[in-house]
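Below is one structure, written out as structure tokens; comments come after it.
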């Protein structure tokens with residue numbers, strides 16, 4: 001319980017994290033444990049301008065302790081900002097293996113996107129349910145993660161993204177069902193039910209044009 005509380009405090013304000021450790025001996029003891037840094041939530045860690053040094057130190061401790069979320073953020077930084085595509089994908093995959101749900105989704109969707117053929121059709125479908133895909137897209141598009149524009153995407157990623165055809169449903173049998181069938185998204189909106197091929201092609205295209213906005217500069221020279 002103390003781990004969870006301290007992790008939440010650190011995510012909201014790194015200065016309060018330090019104050020909590022000083023004020024309560026139990027927090028101070030937890031804050032020294034490697035387990036805490038391995039399990040702390042760093043994906044939503046606020047980049048407080050007046051606490052840059054403390055944020056860097058905290059992230060570095062999490063990364064060096066093997067924190068899956070820190071490994072994921074480092075992988076995203078390497079993939080999208082440094083254009084170290086192979087190294088970045090390895091770290092994203094590793095973070096997924098260690099239990100980071102967002103990394104698992106990104107890893108699966110990258111595999112999907114990179115399976116596009118000459119017709120613009122993707123093939124390597126991940127083992128995600130439709131509801132899970134909708135949930136993860138809500139997370140990716142949330143204001144807490146999205147909105148990072150100030151960098152150029154790697155050429156290989158752009159090449160893959162541009163090859164994916166988002167208009168597959170226009171010519172598919174599932175768009176001609178009469179009467180039409182609908183599915184309800186997590187936000188309550190209704191959309192026309194797509195077959196698996198159309199679902200994954202549209203999801204891959206949406207993913208490619210959304211996920212890069214969640215990458216951010218890694219503030220640690222390690």
Taking 158, 73, 112 and counting other beta carbon atoms within 10 angstrom, the fewest-first order is 158, 112, 73
Among the Cα-Cα pairs of the stretch 96-222, the proportion with separation greater than 18 Å, in percent, is 58 percent
The relative contact order of the stretch 96-222, taking Cα pairs under 8 Å that sit 6 or more residues apart, comes to a percentage of 30 percent
Here the FRET efficiency for residue 175 versus residue 82, based on Cβ atoms and R0 = 45 Å and rounded to 0.05, is 0.65
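Can you sort 122, 55, 133 from fewest to most other Cβ atoms within 10 Å of each residue's own Cβ?
Values: 122 25, 55 22, 133 19.
Ascending Cβ contact count within 10 Å gives the list 133, 55, 122.
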Contour minus Cα-Cα span, residue 135 to residue 57, at 0.36 nm per residue, comes to 24.9 nm
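Rule-based calculations on the coordinates, nothing more; no lab input. Not measured: the values here are computed from a predicted model. Cβ sites come from the backbone with ideal geometry, for glycine too, and all protein chains shown count toward neighbours.
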